[in-house]
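First up is the structure itself, then whatever we jot down about it.
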Amino acid sequence: MGKRTTPPPSDGGADHIEPVDLKKALEERYLAYALSTIMHRALPDLRDGLKPVHRRIVHAMRLARLEPGQRFSKCAAIVGDVMGKFHPHGDQSIYDALVRLAQPFAMRYPLVDGQGNFGNVDGDNAAAMRYTEARMTQAASEILEGITEDAVDFRPTYNEEDEEPAVLPGAFPNLLANGSSGIAVGMATSIPPHNAAELCEAAVHLIDNPAATTADLMRFVEGPDFPTGGIVVDDRASILDAYETGRGSFRVRAKWEQEDQGRGTWVAVVTEIPYGVQKSRLIEKIAELILARKLPLVEDVNDESAEDIRLVITPKSRAVDPALMMESLFKLSELETRFPLNMNVLSRGKVPGVLSLAEILRQWLEHRREVLMRRSRHRLAEIDRRLEILGGYLIAYLNIDEVIRIIREEDEPKPVMMARWGLTDLQAEAILNMRLRALRKLEEFEIRKEHDGLSEEKAGIEALLASEKKQWATVRWQVGEIGRKYGRDTELGRRRTVFAEAPEHDIGDIHQAMVEKEPVTVVVSEKGWLRAMKGHMADFSTLAFKEGDALKLAFHAQTTDKILFFTTGGKFYTIGADRLPGGRGHGEPIRIMVDMENDQAIVTAFAHDPSRKLLLVSHEGNGFVVPEAEVVANTRKGKQVMNVRAPDEAKLCMPMPADADHLAIVGENRKLLVFRFAGEGAKDADRIPEMPRGKGVRLQKYKDGGVSDAKPFALTAGLTWTDSADRTFVKPAAELAEWIGARASAGRMVPKGFPRTGKFG
């Protein structure tokens, strides 16, 4: 028979199955996972600026005695120690973290001194861990300073076979100096690197002025200091707001200069790129933009980098504006990036929170004070122990012969000496463990000299522990020393990132710079289909349209122009000429490109000229003048300029000549009115208002119907019109007296020879 595989029934026959609330169980497990991710993986500790994996790497390197200036060790050995003793995760993840700590383009102050291939700014990976070697840098040593002196708490490792520090002493302001980034569950952190000397100066100021605000500290901390340099182009107000709230972003641009090539030619040379941008990917992206003809001002880009970055950008011609060319590159490529700021860190190693610059520095200083006090207590205990031993040595010196006799003759000399001279266990043990060659050092003078020195040091430490003022003075001195060690006059400490204001360029100029300028003919059909034919066409009779459709209007433009469309609803829509469909086929309906109402139609279209003014007229004869720069729409929804209410609708839109002083307007009833609206002699009641939006004023009165056409003109030049045979007629000022009247009057029948269409042509 086979073995029994089910458990025997319990007393009473129950299965002991406990019901579990699935929702509650899932919540508990998710919360445990979230807390584990937040506390032990993603967020850095404010006090030492390290995540657990980085802290364990540095600690393991200390145990392996990989001090700065000492021997290197294989990274594989370091990774093995970290994984086996402290960090039970994949070796590749540990090695990736180690590599980042050694990369000078990733860390402002590297914590690992790497030997071998540790990757580069192009994005190439480091060599395998079996080929690379590493040791600590001076910055890492300063973060560890005092760890053997009870400066921090230790906790059991994951398998409880060893201990690891819960946090490092952190003499170096690592959190802000090197920055940090990470994504936890429901939260993230992103802290840019800063200049250590500036941070120390700000910390010293905070010690001297505990109530100092972030604005006060910004006098010392100018902003981020990226290892790759670059230029921050944000204004000071936005930077201050970011540091006060702990959230924001920084616009970082590449640093470039114009290099003369002789004979009037030049190239733009990029010497610093934004932090976190892969150089090879950046060049690849720019090359793609050039091939896609999205950078018409750029001819080519070449990488001439060696030790330093040198990207050479060649313009299309020497006539290209360098600043405008670079603006187009900043807009489309990663030569300009935004680095996010989210100072979400573990406060006191336990509570995640978004803190301001002042609060981060304040808590770091409190940690440094706590470390100072713990080290002082540890040193005080060592002094007390040594003083106790010295007291035993002094008794041994005064009774040296007797001590030797007892050691030689007694089976258990320790209790005998303790009973004879009242020695403590520690004193007796120290005397018994003393080497014979040390006997000559047991001179009363030397013992008393060391005893006095230690007693003096003890008194100083006790005074320090008793005075908060002295504690802060000591912390201030320590922070000042770090600041001097990484001062601006040192190669590592000099500021790399500078601050500047971004040059102001017209949006239109930048847009134009990103489009290759080519002549086109814009064609608009009666049913609102749009297309742009290459070149400037002279003959429109060859144009084909869909069945039932025909040509409404066509005009010449450039691909860099903005095309304005005016509709019967009084709205203006703006479409770039480069965005219009090509000449193959019949084009596309305008409603695909803009959000135009179905009951509206196109009145007219033209290339935008911001220097002009437009006359808008409704069917009922209302009108006003609007600057053309005011009608440009920035969205698909368009811009409402003329207010009309059904059954009225917008009817006319025409440019207003600069020298025009009279308006000729004709109705569907073939009545013509001419009135002076500008210049000397114009009545206030006859003037046409200029405004960005509105209904306007009545231009002509109608009993039935509405406006047919209008034409602003200079009276001295006379009124002109064109008939169906393309003949031009001129009506001089002397012959117009019959039709000149007041604005909003009915007018008189048109003169003999006026076109039957009711249009001026």
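Structure values in brief
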| item | result |
| --- | --- |
| Residue within the stretch 470-478 that is under 30 Å from Tyr275 (Cβ atoms), in contact (Cβ under 8 Å) with a residue 60 or more places away in the chain and surrounded by 14 or more Cβ atoms within 10 Å (Cβ to Cβ) present | yes |
| Selection from the stretch 79-96 of residues that are over 20 Å from Gly49 (Cβ atoms) and in a helix (DSSP H, G or I) | Val79, Gly80, Asp81, Met83, Gly84, Lys85, Asp91, Gln92, Tyr95 |
| Test: Arg62 is touching a residue at least 12 places away in the same chain (Cβ under 8 Å), on the phi < 0 side of the Ramachandran plot and not in a loop (DSSP other than H, G, I, E, B) | yes |
| Within the stretch 326-371, strands (runs of 3 or more DSSP E) holding 1 or more residues that are acidic (Asp, Glu) and touching a residue at least 24 places away in the same chain (Cβ under 8 Å) | 336-342 |
| Matching option when the condition is out of contact with any helix residue (DSSP H, G or I) (no Cβ under 6 Å at 6 or more places or on another chain) and either under 30 Å from Ala177 (Cα atoms) or aliphatic (A, V, I, L, M) (or both), among Ala428, Ala466 | Ala466 |
| Scope the stretch 714-761; condition farther than 19 Å from Tyr702 by Cα and β-branched (Val, Ile, Thr); matching residues | Thr716, Thr720, Thr722, Thr728, Val730 |
| Gly248 vs. criteria exposed (fewer than 13 other Cβ atoms within 10 Å of the Cβ) and either within 13 Å of the chain's Cα centre (by Cα) or at positive phi (or both) | no |
| Residue satisfying all of: in the stretch 252-264; of a type in the set (D, E, K, R) and out of contact with any Pro (no Cβ under 9 Å at 6 or more places or on another chain); surrounded by the most Cβ atoms within 10 Å (Cβ to Cβ) among these | Lys255 |
| Within the stretch 393-422, tally of residues that are in a loop (DSSP other than H, G, I, E, B) and within 19 Å of Glu443 (Cα to Cα) | 1 |
| Unique match (being of a type in the set (D, E, K, R) and not assigned by TED's automatic domain parsing to the domain that holds Gly69) among Glu198, Glu164, Glu142 | Glu198 |
| Unmet criterion (only one of (1) over 27 Å from Pro104 (Cβ atoms); (2) assigned to a loop (DSSP other than H, G, I, E, B); (3) among the hydroxyl-bearing types (Ser, Thr, Tyr); (4) touching a residue at least 40 places away in the same chain (Cβ under 8 Å)) for Tyr275 | (1) |
| Yes/no for Val320 being at pLDDT below 90 and of a type in the set (Val, Ile, Thr) | yes |
| Subset of the stretch 701-727 [crowded, with 19+ Cβ neighbours inside 10 Å and either basic (Lys, Arg) or at positive phi (or both)] | Lys711 |
| Residues of the stretch 665-687 that turn out to be buried (at least 20 other Cβ atoms within 10 Å of the Cβ) and either farther than 19 Å from Thr716 by Cβ or of a type in the set (A, V, I, L, M) (or both), as a count | 7 |
| Strands (runs of 3 or more DSSP E) contained entirely in the stretch 643-761, each with at least 1 residues that are among the aromatic types (Phe, Trp, Tyr), more than 24 Å from Pro627 (Cβ to Cβ) and assigned by TED's automatic domain parsing to the domain that holds Val631 | 719-722, 728-731 |
| Qualifying residues in the stretch 516-556 (those that are within 47 Å of the chain's Cα centre (by Cα) and of a type in the set (Gly, Ala, Ser)) - the one surrounded by the fewest Cβ atoms within 10 Å (Cβ to Cβ) | Gly535 |
| Qualifying positions in the stretch 16-58 - among the hydrophobic types (A, V, I, L, M, F, W, C) and without any contact (Cβ under 8 Å) to a residue 60 or more places away in the chain | Ile17, Val20, Leu22, Ala25, Leu26, Leu31, Ala32, Leu35, Val53, Ile57 |
| Sole exception among (1) under 30 Å from Arg247 (Cα atoms); (2) surrounded by fewer than 16 Cβ atoms within 10 Å (Cβ to Cβ); (3) of a type in the set (Asp, Glu) for Glu304, by number | (1) |
| Strands (runs of 3 or more DSSP E) contained in the stretch 97-175 and holding at least 2 residues of a type in the set (A, V, I, L, M, F, W, C) | 133-136 |
| Test: residue in the stretch 148-169 that is within 20 Å of Glu359 (Cβ to Cβ) and either surrounded by 15 or more Cβ atoms within 10 Å (Cβ to Cβ) or not charged (D, E, K, R) (or both) | yes |
| First in the stretch 212-231 and not assigned by TED's automatic domain parsing to the domain that holds Arg338, second anywhere and small (Gly, Ala, Ser) and surrounded by fewer than 19 Cβ atoms within 10 Å (Cβ to Cβ), Cβ under 6 Å, 6 or more apart | Thr214/Ser356; Ile231/Ala500 |
| Leu390 being outside the structural domain of Val152 (by TED's automatic domain parsing), assigned to a helix (DSSP H, G or I), out of contact with any strand residue (DSSP E or B) (no Cβ under 6 Å at 6 or more places or on another chain) and within 30 Å of Gly170 (Cβ to Cβ) | no |
| Only one of Lys701, Lys711, Lys752 that is out of contact with any helix residue (DSSP H, G or I) (no Cβ under 8 Å at 6 or more places or on another chain), of a type outside the set (Ser, Thr, Tyr) and farther than 30 Å from Val641 by Cα | Lys752 |
| Which listed residue, of Gly392, Gly422, is in contact with a helix residue (DSSP H, G or I) (Cβ under 6 Å, 6 or more places away or on another chain) and at pLDDT below 90 | Gly392 |
| Considering residues of the stretch 610-653 that are more than 44 Å from the chain's Cα centre (by Cα) and of a type in the set (Val, Ile, Thr) only, the residue surrounded by the fewest Cβ atoms within 10 Å (Cβ to Cβ) | Val644 |
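Rundown of residues vs (1) small (Gly, Ala, Ser); (2) within 23 Å of Val277 (Cα to Cα), yes/no style:
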{"site": "Ser93", "(1), (2)": "yes, yes"}
{"site": "Gln103", "(1), (2)": "no, yes"}
{"site": "Ala106", "(1), (2)": "yes, yes"}
{"site": "Phe118", "(1), (2)": "no, yes"}
{"site": "Thr132", "(1), (2)": "no, no"}
{"site": "Met136", "(1), (2)": "no, no"}
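The values are calculated or read from the model by the stated rules, or taken from the named source; none is laboratory data. Small disclaimer: the values here were computed from a predicted structure and weren't measured. Reconstructed Cβ throughout: ideal geometry from the backbone, glycine too, with neighbour counts over all protein chains shown.
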